[in-house]
Amino acid sequence: MRLVVTGGLGFIGSNFVRMVLAERPDWTVTNLDLVTYAGNPANLSDLAADRRYRFVKGDIGEPGDLARAFEGGADAVVHFAAESHVDRSILSAEPFVRTNVLGTMRVLEAARAQGRCRVVHVSTDEVYGALGPDDPPFTETTPLNPTSPYAASKAAADHLALAFARTHGQDVVITRCSNNYGPYQFPEKLIPLMITNAIEGKRLPVYGDGRQVRDWIHVADHCAGVLATLEKGRAGEVYNFGARSERYNLDIVSRIVAMLGVRPELVEHVADRPAHDRRYAMDAARAERELGWCPARTFEQGLADTVRWYVEHETWWRAVKDGSYRDFYRQWYEERGS
């Protein structure tokens, strides 16, 4: 398979590229990434010599950049590229609309021009809105009810993707996943922020009372679900992915504190963010039934592995937190990327 991946230098995208190249040795991967703050070339720099892998520095919102990524043809595109940080969307929604809505339209158009080219559009559980304490988990038929500008932009992209499937008969499948964690996650997200701050002896900021509930899934299990969707998913359908691992944010922070042996007094409750959804949970029964997928890790196993990874890869996350990763690796890819 000739596969195009958008946003392959990001957290989930880079883990997916690694999985594909390891598990599908006869596939080729072209990675289109703009190398924004969250796109870290260090995530995949060791793949530069792999002839099955090609990097294209470019913007999914620019047709010319997409044309370069699709040179030589493509059988499928897995669309990860997105602005994804809720706090940043509250400060300014425009980049989210441009990347997540306009960019998705451009990706759909570029894939449609290829003829038979499957699109796996990677979305989020946040398009569904929030659940009450006793509500059943989200299913694929739960109405979309986004609350943040980020979630609204992803919901708009989902509608657009399904509209292309229904109007043009395009081969499009959508995945929606719960909160990811694991290696190479940008340290502004909860788990890597808490791990790295704890290692540094810094404060561990927790929004509000810390009793927001999320369903946590290891990034490798999510990537396995995306790969299963690419190979087995039904066109025009949506597949939810989750690990039945609902946890309070504060409980996760407390577990990290205990695992790293730091002072509990480092935990600091800060003002909650606007419209902070209290609970998400995903019903992944359709993916389990139709794709033969299921998560391979418990949350306890995955978190222990993740803490160990950040302890062992301090050079990686320190370069991200101080910003030094950007200049060196951006220049590296500009010299070697197409």
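The values are calculated or read from the model by the stated rules, or taken from the named source; none is laboratory data. Because the structure is predicted, anything quoted here is derived from the model rather than measured. Backbone-built Cβ (ideal geometry, glycine too); neighbour counts: all protein chains shown.
Within region 11-33, the set of residues being surrounded by fewer than 19 Cβ atoms within 10 Å (Cβ to Cβ) and part of a helix (DSSP H, G or I) comprises 19, 21, 22, 23. Would you mind stating whether residue 167 is modelled with pLDDT of 95 or more and within 22 Å of the chain's Cα centre (by Cα)? Here the answer is no, as residue 167 does not meet what is asked. A single entry from 263, 247, 278 fulfils the requirement of being over 26 Å from the mean Cα position of the chain (by Cα), charged (D, E, K, R) and at negative phi: 263. Remark: pairs (first residue in region 34-52, assigned to a loop (DSSP other than H, G, I, E, B); second residue loosely packed, with under 13 Cβ neighbours inside 10 Å; Cβ separation under 7 Å; 6+ apart in sequence or on different chains) = 48/336.
Residue by residue through region 63-84, note down the ones that are over 26 Å from residue 185 (Cα atoms) and either touching a helix residue (DSSP H, G or I) at 6+ places or on another chain (Cβ under 9 Å) or without any contact (Cβ under 8 Å) to a residue 60 or more places away in the chain (or both).
Restricting attention to region 63-84, the residues satisfying the condition of being over 26 Å from residue 185 (Cα atoms) are 63-64, 67-68, 70-75.
Passing the criteria: 63, 64, 67, 70, 71, 74.
Within region 283-301, being surrounded by 18 or more Cβ atoms within 10 Å (Cβ to Cβ) and closer than 16 Å to residue 248 by Cα holds for one residue alone: 299. Among the residues making up region 294-332, a single one is farther than 15 Å from residue 220 by Cα, modelled with pLDDT of 95 or more and not in a helix (DSSP H, G or I): 313. Just one of (1) modelled with pLDDT of 95 or more; (2) buried (at least 20 other Cβ atoms within 10 Å of the Cβ) fails for residue 196. It is (2).
Number of residues in region 252-282 that are among the charged types (D, E, K, R), exposed (fewer than 13 other Cβ atoms within 10 Å of the Cβ) and assigned to a helix (DSSP H, G or I): the value is 1.
If you scan region 196-215, which residues turn out to be under 28 Å from residue 8 (Cβ atoms) and under 19 Å from the mean Cα position of the chain (by Cα)? Matches in region 196-215: 214, 215.
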